[in-house]
Amino acid sequence: QLGKSHELNRLYVMDDLELRLPYYDGPEFPEWLKGYEGRLITSKRYDEWPSSEEFPLVEVARFFGLPLGIAYYSTCDYMLSHAIYEGVSEIHLFGVDCVSKKMDQIRCSIALWIGAAMSRGIRVTAPNGSAFRWWTYAGRILERGPYGYVGVPRIEELAGSTAT
């Protein structure tokens, strides 16, 4: 349940609502979505789902300068790229760890979008215990030092600053 400071302002369901989602999740969830009143971002607009909106795949791909379809291996990838495209200032990741060995490709594509967000100055967080905590919390990584450094360099030294 979301607290008062957080509210669900959109729901992403990238599986086809007519053919794919009922097959994987049964008919109840797609049927429930017909009454969902928030923004429903999906692969295409459906008449039976009045709040459904087509994900702007072409616009987002052009924004990033990527070929269509590259690095979209899960709904989380669409969510992250859309958030970056829309210019959010923060992204908080929950429940997207993809810890199964079979999900390596998905985990890598999510890491790509985390990097894309961070390179644009967007703060990305993941909770303690999350597989993505290592990608999103530089302080934890630097406890052992960046790869290739014998000791833990101070950020001031790396940046060439003399301030302490």
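The values are calculated or read from the model by the stated rules, or taken from the named source; none is laboratory data. None of these values were measured; they are calculated from a predicted model. Glycine also receives a Cβ, built like all others from the backbone with ideal geometry; neighbour counts cover every protein chain displayed. Please note that ligands, DNA and RNA were not included when accessible areas were found on the heavy atoms of the full protein model with its side chains. Shrake-Rupley method; radii C 1.70, N 1.55, O 1.52, S 1.80 Å.
Overview of results
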read-out	value
Of residues in region 104-137 being open to solvent by less than 40 Å² (accessible area, probe 1.4 Å) and polar (S, T, N, Q), the one nearest to Phe64 (Cα to Cα)	Ser109
Options Gly26, Gly38; residue that is of a type in the set (Gly, Ala, Ser) and over 20 Å from the mean Cα position of the chain (by Cα)	Gly26
Hey, Ile141 over 30 Å from Ser43 (Cα atoms) and either modelled with pLDDT under 90 or among the β-branched types (Val, Ile, Thr) (or both) or not	yes
Qualifying residue in region 87-99 (condition: under 25 Å from Trp135 (Cα atoms) and more than 15 Å from the chain's Cα centre (by Cα))	yes
Breaking point among (1) at pLDDT below 90; (2) touching a His at 6+ places or on another chain (Cβ under 7 Å), for Val60	(1)
Checklist (1) surrounded by 11 or more Cβ atoms within 10 Å (Cβ to Cβ); (2) over 26 Å from Ala116 (Cβ atoms) applied to Glu28, failing item	(1)
Enumeration of residues in region 14-25 that are surrounded by 14 or more Cβ atoms within 10 Å (Cβ to Cβ) and of a type in the set (A, V, I, L, M, F, W, C)	Met14, Leu17, Leu21
Within region 33-52, considering residues that are part of a strand (DSSP E or B), without any contact (Cβ under 8 Å) to a residue 40 or more places away in the chain and touching a Lys or Arg at 6+ places or on another chain (Cβ under 6 Å), the one surrounded by the fewest Cβ atoms within 10 Å (Cβ to Cβ)	Arg39
Unmet requirement for Phe63, which otherwise passes all of (1) touching a helix residue (DSSP H, G or I) at 6+ places or on another chain (Cβ under 9 Å); (2) outside any helix (DSSP H, G or I); (3) surrounded by 10 or more Cβ atoms within 10 Å (Cβ to Cβ)	(2)
Test: residue in region 87-94 that is touching a helix residue (DSSP H, G or I) at 6+ places or on another chain (Cβ under 9 Å) and modelled with pLDDT under 90	no
Top-ranked residue in region 78-103 [being part of a loop (DSSP other than H, G, I, E, B) and open to solvent by less than 80 Å² (accessible area, probe 1.4 Å); ranked as farthest from Leu40 (Cα to Cα)]	Ser100
Qualifying residue in region 22-32 (condition: in a loop (DSSP other than H, G, I, E, B) and either touching an Asp or Glu at 6+ places or on another chain (Cβ under 9 Å) or closer than 28 Å to Val88 by Cβ (or both))	no
Unmet requirement for Thr75, which otherwise passes all of (1) exposed (fewer than 12 other Cβ atoms within 10 Å of the Cβ); (2) of a type in the set (Val, Ile, Thr); (3) closer than 17 Å to Ala111 by Cβ	(1)
